[in-house]
Ligand SMILES: *Cc1c(COP(=O)(O)O)cnc(C)c1O
């Protein structure tokens, strides 16, 4: 961007920011990967809708209940279209957050009588790593292992084709450093399974990816079987997540054992224990309890606000995708790989009292986490400049390479306690 353009761009964002994101005041908010900010227009339109509409619980027969049901079904379709997903090919299940979507998939697989094998990428968020607790075998892979698997090579733990299904999970984008992983893996890994007679399913964690890029599920053949998102990461509000399931793999959820209010047609308790699960649609069978109806309606309004601001933030597309890495951000494999932390060091840190989320950032001269800086649609160039100036003032040492240089290896020099490892940029598309 040329200087003049950059100034004009900055001024335009500043104007929108004053009107739409008054909560910012003078803060420099750089944790959009944690959650982005909701615009004032969205909150205002939500208040208007809540006051104007009579919304019943969708599980009843009254007119207000029917109205809610109809709205929710329309929103389901609208959200699928937002991801270019044909409702004939996919179902959207509303969940509390991406983690709850992952847990539903995990619940289905643990229901297989012979269990399941689990393979997950090292860049996985903690919520994906936890699925290994339910599996017969869990194996953590790096990108080279995934490529080897796709090419038909053997990995440390072999799959026994005859016995049980395999679930492969990875993030479309790391929540730690913004690095992207190939969407083609879903298709390729599944095909490798077909070639070797293994039933392989793919779970794509798109929570970080969709916050910066549109997810395109138009090709159902190459798409993941399951994808999870957190809507608050895209729109700032509502606090809601989604599990997108390809209809042709929906039958795995028949294995899920739990049922709750809303997901069964009939339950017998006395003398005999029998129930009939809902089977008409997948979401009916999986959405236990009352739906977060107000949040789902807010999602409709969030889509409206998003469409409007995207027009306005057009120019931002490239900048919006820009992540500056610096947090032990619920990403154990990624942090260990980036910082060269060995399992024994992590266990030692644990035994000396280190826990996820506490304040010990350096133990025995090695960093235990990274600081992640992430930008959103309403970030300005001056946010970035101010952050760089802050790093220069407090962390730059003159004998070190400049703070944004990319050191090859991260932990060899014990004296460099904090450093910027990489700036990740992505393009829309
Ligand atoms: C945020 C995030 C999650 C967890 O999302 P929740 O909404 O907290 O469940 C999982 N994976 C990635 C890549 C994320 O960015």
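The table that follows gives values for the structure above.
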{"item": "Flag for residue 393 being modelled with pLDDT of 75 or more, surrounded by fewer than 18 Cβ atoms within 10 Å (Cβ to Cβ) and either in a loop (DSSP other than H, G, I, E, B) or away from the ligand (no atom under 16 Å from the Cβ) (or both)", "result": "no"}
{"item": "Output for the stretch 95-139, where each listed residue is in a strand (DSSP E or B) and in contact with a helix residue (DSSP H, G or I) (Cβ under 6 Å, 6 or more places away or on another chain)", "result": "95, 118, 120, 138"}
{"item": "Hits in the stretch 8-50 (condition: surrounded by fewer than 17 Cβ atoms within 10 Å (Cβ to Cβ) and assigned to a loop (DSSP other than H, G, I, E, B))", "result": "25, 26, 27, 28, 34"}
{"item": "Residue within the stretch 253-271 that is farther than 30 Å from residue 192 by Cα and modelled with pLDDT of 95 or more present", "result": "no"}
{"item": "Single residue of 47, 85, 100, 108 found to be within 16 Å of the ligand (Cβ to nearest atom) and at pLDDT 95 or above", "result": "100"}
{"item": "Candidates 189, 93 - the one that is under 18 Å from the mean Cα position of the chain (by Cα) and buried (at least 17 other Cβ atoms within 10 Å of the Cβ)", "result": "93"}
{"item": "Filtered residues of the stretch 239-281 (kept if farther than 26 Å from residue 115 by Cα and within 16 Å of the ligand (Cβ to nearest atom))", "result": "239, 240, 241"}
{"item": "Segments classed as helices (runs of 4 or more DSSP H), wholly inside the stretch 170-238, with at least 3 members that are away from the ligand (no atom under 11 Å from the Cβ) and in contact with a helix residue (DSSP H, G or I) (Cβ under 7 Å, 6 or more places away or on another chain)", "result": "184-195"}
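The values are calculated or read from the model by the stated rules, or taken from the named source; none is laboratory data. Keep in mind the model is a prediction, meaning the values are calculated, not measured. When we count neighbours, we look across all protein chains shown, and the Cβ atoms used for this are built from the backbone with ideal geometry, even at glycine.
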